[in-house]
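Peer 1: Shown below is the structure under consideration.
The values are calculated or read from the model by the stated rules, or taken from the named source; none is laboratory data. Quick caveat: nothing in here was measured; it's all calculated off a predicted structure. Please note: Cβ atoms are built from the backbone with ideal geometry, for glycine as well, and neighbour counts cover all protein chains shown.
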Amino acid sequence: MADLLDDPFARRALTAAHLYYVQNRTMEAIAAELGTSRSTVSRLLTHARATGIVDIRIRSPFEAPQLLEEHIGERYGITAHVVPVPDDASDIDRLERVAVAAAHLLSELIEPDMTVGVAWGSTTAAISRRLIPQPARGTTFVQLNGSGNTHTTGLLYASEILSRFAAAHGGSAQQFPVPAFFDDPATKTAMWRERSTRRILALQSQMDLVVFSTGSADSRVPSHVYSGGYLEPRDLEVLGAEAVVGDVATVFFRADGSSDHIALNDRATGPSLDTLRRVDRRLCVVSGASKLESLRGALAARLATDLVVDEATARALAD
């Protein structure tokens, strides 16, 4: 915030916001006081909201979302944030609304000198485009899993997501330049002994916060690990035979939250579920009931402390 207020326009935005939201002055009165036009006051207020000078929160008089949050929280031992979305909203619109809510929550969770793990994917990509600029000096954003496959290095896709997080909060981005899956578990074992890899793994072991969604083969907004050429047909057959319902950062799990003896996990580059569970705050963001089974598996595995989810999916989860 201090960096923002070094900007004269930001200082005027702060003054305009205080006059408008705290003193209840009209735009015309603010324009007269600041010696400017009504349209400039409107731009100042928009800037105040976009940069986090103003944080608008809505307390709904309707009980349904709050009751869902309480029910899910009690049932799974997490903090739930239910996003009101019309039932007839498109899958893309639903994702965008959930991403906006998650971005606002992250502006509260991310603090200076944190290490934040970020999983790449369709949901985190949407969140990264909606982040609220809010400096958090010394914060490191680390990629949770590799992104390369036989068709692409995946570096551009993953780095764009990570870079947006770093830019929004004035932090640094640490990429993980390895494949999403190794061909041979022995190759992974050897790579994990390399100093450059151990540096990233050490950062992951120190994470204060992780941000992720659950991957699902059945998601109506395709999960990138399933749609981006990372899994061969044979891999999908094996996952089905092993009763896998989803993944987090390319580590797969079953409906009961177990991940043992899933062969593909031996080749995956994401952190183990035990590593994730050791992180203090674990934000899971899910949009769409087609991800319900994978979400339930993730909650059974105790991978989340916080959940942002659309209302329809929350109702199905509660039921």
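Peer 1: Go through the stretch 288-312 and give me each residue that's modelled with pLDDT of 95 or more, hydroxyl-bearing (S, T, Y) and more than 19 Å from T115 (Cβ to Cβ).
Peer 2: S294
Peer 1: Moving on. Just the residues that are part of a helix (DSSP H, G or I) and surrounded by 24 or more Cβ atoms within 10 Å (Cβ to Cβ), please, taken from the stretch 301-312.
Peer 2: None; the set is empty.
Peer 1: How many of the residues making up the stretch 190-218 are surrounded by 13 or more Cβ atoms within 10 Å (Cβ to Cβ), part of a helix (DSSP H, G or I) and hydrophobic (A, V, I, L, M, F, W, C)?
Peer 2: Matching residues across the stretch 190-218 total 4.
Peer 1: In this structure, is T124 assigned by TED's automatic domain parsing to the domain that holds A249, in contact with a strand residue (DSSP E or B) (Cβ under 8 Å, 6 or more places away or on another chain), buried (at least 18 other Cβ atoms within 10 Å of the Cβ) and under 20 Å from E311 (Cα atoms)? Can you show your working first?
Peer 2: Values: assigned by TED's automatic domain parsing to the domain that holds A249: yes; in contact with a strand residue (DSSP E or B) (Cβ under 8 Å, 6 or more places away or on another chain): yes; buried (at least 18 other Cβ atoms within 10 Å of the Cβ): yes; under 20 Å from E311 (Cα atoms): yes.
Judged against the criteria, T124 is a match.
Peer 1: Can you confirm whether A32 is hydrophobic (A, V, I, L, M, F, W, C) and modelled with pLDDT of 90 or more?
Peer 2: Yes, satisfied.
Peer 1: Take the residues of the stretch 119-162 that are part of a strand (DSSP E or B) and touching a helix residue (DSSP H, G or I) at 6+ places or on another chain (Cβ under 6 Å): which is nearest to L231 (Cα to Cα)?
Peer 2: The qualifying residue nearest to L231 (Cα to Cα) is Q143.
Residue-wise test of (1) of a type in the set (K, R); (2) in contact with a helix residue (DSSP H, G or I) (Cβ under 9 Å, 6 or more places away or on another chain); (3) not assigned by TED's automatic domain parsing to the domain that holds S290.
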site: I200; (1), (2), (3): no, no, no
site: R220; (1), (2), (3): yes, yes, no
site: P233; (1), (2), (3): no, no, no
site: V251; (1), (2), (3): no, yes, no
site: G257; (1), (2), (3): no, yes, no
site: D266; (1), (2), (3): no, yes, no
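Residue by residue, here is whether (1) assigned to a strand (DSSP E or B); (2) over 20 Å from the mean Cα position of the chain (by Cα); (3) of a type in the set (G, A, S); (4) loosely packed, with under 15 Cβ neighbours inside 10 Å holds:
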residue	(1), (2), (3), (4)
Y226	no, no, no, no
G229	no, yes, yes, yes
N265	no, yes, no, no
P271	no, no, no, no
L276	no, no, no, no
L292	no, no, no, no
L295	no, no, no, no
L299	no, no, no, no
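Peer 1: Would it be correct to say that D183 is of a type in the set (D, E) and surrounded by fewer than 19 Cβ atoms within 10 Å (Cβ to Cβ)?
Peer 2: It is true that D183 is of a type in the set (D, E) and surrounded by fewer than 19 Cβ atoms within 10 Å (Cβ to Cβ).
Peer 1: On the basis of being more than 30 Å from A89 (Cα to Cα) and among the basic types (K, R), does R254 make the cut? Write out each step before concluding.
Peer 2: On the way: more than 30 Å from A89 (Cα to Cα): no; among the basic types (K, R): yes.
No, not satisfied.
Peer 1: Is at least one residue of the stretch 67-75 assigned to a loop (DSSP other than H, G, I, E, B) and either crowded, with 16+ Cβ neighbours inside 10 Å or touching a Leu at 6+ places or on another chain (Cβ under 8 Å) (or both)? Let's see the steps before the verdict.
Peer 2: First, pick out the residues of the stretch 67-75 that are assigned to a loop (DSSP other than H, G, I, E, B): none.
No, there is no match, as no residue in the stretch 67-75 is assigned to a loop (DSSP other than H, G, I, E, B) and either crowded, with 16+ Cβ neighbours inside 10 Å or touching a Leu at 6+ places or on another chain (Cβ under 8 Å) (or both).
Peer 1: Still on this structure, I have one more. Looking at T187 and the list (1) part of a helix (DSSP H, G or I); (2) touching a helix residue (DSSP H, G or I) at 6+ places or on another chain (Cβ under 6 Å), which single condition is not satisfied?
Peer 2: Only one criterion in (1) part of a helix (DSSP H, G or I); (2) touching a helix residue (DSSP H, G or I) at 6+ places or on another chain (Cβ under 6 Å) is unmet by T187, namely (2).
Peer 1: Here's something else I'd like to know. Could you list, in sequence order, the residues of the stretch 84-124 that are closer than 28 Å to A180 by Cα and in contact with a Pro (Cβ under 8 Å, 6 or more places away or on another chain)?
Peer 2: If the condition is that a residue be closer than 28 Å to A180 by Cα and in contact with a Pro (Cβ under 8 Å, 6 or more places away or on another chain), then G117, S122 are the ones that fit.
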